[in-house]
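Taking it in order: structure first as structure tokens, then the write-up.
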Amino acid sequence: MPNNVKYRVLCTRPLSGNLITEAGDHGIAVDVQDFIQIKPLINNDLVGDENISRIFGHHTDTPLVFTSAHAVNIFTKYYLHQYATFYIIANPICCIDGNTKKLLQQKLPNNKILAEASYGKDLAAAIIALGNVNEVHFFCGNQRRDELPQSLRDAGITVNEYVIYENIATPTVVADEYDGILFFSPSAVKSYFSANRLPLKTVCFAIGSTTATLLREYTDNKIIMSPATGEDHMMQTAIFYFNNINCYE
């Protein structure tokens, strides 16, 4: 371990190399262990040019809704590029901010973002507030939460839901003790605690309120919530905490 390292942090999902380097510059060594595997799923409603054209070709005003970067990656890689229809998808987008929005801006740069928010329930409220949305296409995983689709349906908006990936827990016993652990999803929390107990000194960092709420069911340890979604915000939160640790005592 380098001499300048004061703290060790475990990240429960892959993390950008530049963020690991930045943490190291602040005396924080980051280990990465993925506690969730993402498996693309075949959704027959999205297979084939005919289905793609039927869903998107004649309804270009129907928003596409994404609440995770995984859904963005899988949708654009497996369901658009495969059929060479990428350039005819003109639908506007409603999405979670942070990494999900950034990825959409990269993958679908010409699609207008109509609404964004940090959490599913807030995104649903933003979509409803638009006042002119009657139908959406929602791309999600098999463990998606109910708040967004249920809120939209309660408001009379038709939700066409497409499950395109599966969250698979990959629990691993962690032998080392860490000063902090970064949790990016409730699924990662469940996977970690199915195989581990948390040392008393370890601080938990949660990407949002949903993850923080679940953490409180598993531990009484200190929980620090990132002020915004995104891996950069999570790392900045951890850096600030350890650089100003006396402020939290």
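Pairs only if they're at least six apart or on different chains, beta carbon under 6 angstrom, first in the stretch 210-239 and over 18 Å from Thr67 (Cα atoms) and without any contact (Cβ under 8 Å) to a residue 24 or more places away in the chain, second of a type in the set (Gly, Ala, Ser) and crowded, with 19+ Cβ neighbours inside 10 Å; list them, first residue then second. Every condition considered, the pairs that remain are Ile223/Ala206; Ile223/Ala212; Met225/Ala206; Met225/Ala212.
When the residues of the stretch 162-174 are filtered to those that are of a type outside the set (Ser, Thr, Tyr) and within 18 Å of Lys190 (Cα to Cα), the one that is nearest to the chain's Cα centre (by Cα) is Asn167.
Listed by position, the strands (runs of 3 or more DSSP E) contained in the stretch 81-197 that have at least 3 residues being in contact with a Gly (Cβ under 9 Å, 6 or more places away or on another chain) are 158-169. Is it the case that the stretch 126-135 has a residue that's buried (at least 18 other Cβ atoms within 10 Å of the Cβ) and modelled with pLDDT of 90 or more? Yes, the stretch 126-135 has at least one match.
For every residue, the table says whether it meets (1) open to solvent by less than 50 Å² (accessible area, probe 1.4 Å); (2) out of contact with any Pro (no Cβ under 9 Å at 6 or more places or on another chain).
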residue	(1), (2)
Pro14	no, yes
Asp45	no, yes
Asp49	no, yes
Ile52	yes, yes
Pro63	yes, no
Phe66	yes, yes
Val72	yes, yes
Phe75	yes, yes
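When residues in the stretch 111-125 are screened for being touching an Asp or Glu at 6+ places or on another chain (Cβ under 6 Å) and either at pLDDT 95 or above or over 22 Å from Asn43 (Cβ atoms) (or both), 3 of them pass.
The residue of the stretch 189-228 that is farthest from Ser118 (Cα to Cα), among those that are at pLDDT below 95 and surrounded by 20 or more Cβ atoms within 10 Å (Cβ to Cβ), is Thr211. What are the residues in the stretch 18-43 that are open to solvent by less than 50 Å² (accessible area, probe 1.4 Å) and not in a loop (DSSP other than H, G, I, E, B), if any? Residues satisfying the conditions are Leu19, Ala23, Gly24, Ile28, Ala29, Val30, Ile36, Ile38.
Does the stretch 171-186 include one or more residues that are within 21 Å of Thr67 (Cβ to Cβ), β-branched (Val, Ile, Thr) and open to solvent by less than 60 Å² (accessible area, probe 1.4 Å)? Can you show your working first?
At the first step, the residues of the stretch 171-186 found to be within 21 Å of Thr67 (Cβ to Cβ) are 182-186.
Filter again for β-branched (Val, Ile, Thr), leaving none.
Checking the stretch 171-186: not a single residue is within 21 Å of Thr67 (Cβ to Cβ), β-branched (Val, Ile, Thr) and open to solvent by less than 60 Å² (accessible area, probe 1.4 Å).
The values are calculated or read from the model by the stated rules, or taken from the named source; none is laboratory data. Bear in mind the structure is a predicted one, so any value in this text is a computation, not a measurement. Glycine also receives a Cβ, built like all others from the backbone with ideal geometry; neighbour counts cover every protein chain displayed. With ligands, DNA and RNA removed, areas are computed over all heavy atoms of the protein, side chains included. Shrake-Rupley method; radii C 1.70, N 1.55, O 1.52, S 1.80 Å.
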